[in-house]
Amino acid sequence: MLRTRIVGTGQYLPPRILTNADLEKLTDTTDEWIQQRTGIKQRHVADPGVGSSDLGAEAAKRALANAGISPDQVELIICSTMTSDYLFPSAACLIQDKIGAKRAAAYDLNAACSGFVYAVTMADALIRSGVHKTILVVGADIMTNRLSWEKRDTAVLFGDGAGAAVLQGEEGERGVLSTYLGADGASYDLLYLPAGGSKHVICCENIDNLDLGIVMSGRELFKKAVAAFCDAAENVLRATGMTIDDVDLFVPHQANTRIIFSVAERLGLPREKIFVNIDRTANTVAATIPIALDDAVQQGRLKAGDRVLLVAFGAGLTWGSVMMRW
Ligand code: ACO
């Protein structure tokens, strides 16, 4: 049976680090509050003039090198991002040029923090149906330049970064076993950026009247996130005939350790099976899961045959899960 397998991962975090202590100087917050409520200790911040495609291209080069695949072999690039360099063209096209993947088609996919799970689901369908053999999935986001530092509820949560995975079809037991996606557009206003899109264009005439910051209902999102994470995990487990005890490593979207541990408790997952790296990266939106997978590989926490559960939730609202045999 043909399955879609991740044959290489890579990540890139911009070098500049902003610690919680640094944030204390920018907004009314404390290291203790941030760590208690989110588990975050620091985040990486891209310099002005750097775009999401710059981070994504570096992560992609590392993923290709780790997979032993040349850019020429890539047939499609899907970049999950909600912070593309430009409104158009896509970050995926810019990445295609930067890595020299001349034969690849390229497009962006915006499912916010669920972007990587959405993109892997699309790539899996295209590979198993025989449309493409080798697909590069990139998650890349730069959120820190969208934050208003005085809005402390959102200022402390996000960081910049990119992760990438090379996916190929392979006969056998390893690879994606099942995927599950969901969305709730009626709740879009629990987390959104009002200005800068087609509805409220930023221009000289209206700049004084626009709210340029992110709007977030933190508590409501928290509850929805826990419910959606559990729903997504349970659905994909049911589809594969597995139980939570069959999971070797749980790699959740890194939004908040309180969300992650609440979900784990409800699902009955012991802490040693949960991968957490939010302390050093914060929430890098579509990049959290591929960065976490790459960390897990580098730390020797993933071995051939391990059953890995990816679960994500984000703006949209969107959520999803992937069950795979590594
Ligand atoms: N530093 C210090 N105090 C703060 C900060 C801050 N950064 N932010 C809020 N507070 C204060 C509030 O003003 C409030 O003070 P008050 O009691 O005097 O009114 C107090 O802390 C509690 O505020 P709440 O909003 O009720 O705090 P809560 O316990 O809900 O934690 C948080 C807030 C961390 C945002 C939480 O709601 C959360 O994690 N929500 C999910 C948000 C999220 O992850 N968004 C990312 C995208 S979605 C995703 O990726 C899943």
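Computed from the coordinates by the stated procedures, all read-outs in this text should not be read as laboratory data. This is a predicted model, so every value here is computed, not measured. Neighbour counts are summed over all protein chains in view; Cβ atoms, including those assigned to glycine, are modelled from backbone coordinates with ideal geometry.
Tabulated data for the structure shown
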{"item": "Under 5 Å, built H, 5+ apart or other chain: amide partners of Ala105", "result": "Leu76, Ile77"}
{"item": "Separation in nanometres of the label points that stand 7 Å from Cα toward Cβ, at Met242 and Asp279", "result": "2.6"}
{"item": "Loop-resident sites, region 149-245, for chymotrypsin sites (Phe, Trp or Tyr not before Pro), counting at most 16 other Cβ within 10 Å (DSSP)", "result": "Trp149"}
{"item": "Trypsin sites (Lys or Arg not before Pro) within region 33-79, DSSP loop, no more than 10 other Cβ atoms inside 10 Å", "result": "none"}
{"item": "Those trypsin sites (Lys or Arg not before Pro) in region 109-163 that DSSP places in a loop and that have at most 16 other beta carbons within 10 Å", "result": "Lys133, Lys151"}
{"item": "Three-way shape call for the chain based on the alpha-carbon gyration tensor, with the a/c threshold at 1.5", "result": "oblate"}
{"item": "Assigned charges on the beta-carbon of Lys, Arg, Asp, Glu; region 2-174 dipole about Cα centre (debye)", "result": "360"}
{"item": "Calculated [θ] (222 nm, deg cm²/dmol) that DSSP helices of n ≥ 4 give over the chain, each run adding -39,500 (n - 2.57)", "result": "-10000 deg cm²/dmol"}
{"item": "Nonlocal amide H pairs with Gly39, under 5 Å, H built at 1.01 Å", "result": "Thr257"}
{"item": "Placed amide H near Thr284: partners under 5 Å, 5+ positions off or other chain", "result": "Gly159"}
{"item": "Kyte-Doolittle at least -0.5, axis length at least 30 Å by Cα - qualifying DSSP helices, the chain", "result": "218-240"}
{"item": "Listed pairs Lys224/Lys303; Lys102/Lys273; Lys151/Lys199; Lys41/Lys224; Lys223/Lys273 exceeding 29 Å between Cα atoms", "result": "Lys224/Lys303; Lys102/Lys273"}
{"item": "Residue-span extension gain [Glu220 to Glu234] - 0.36 nm each, minus C-alpha spacing", "result": "2.9 nm"}
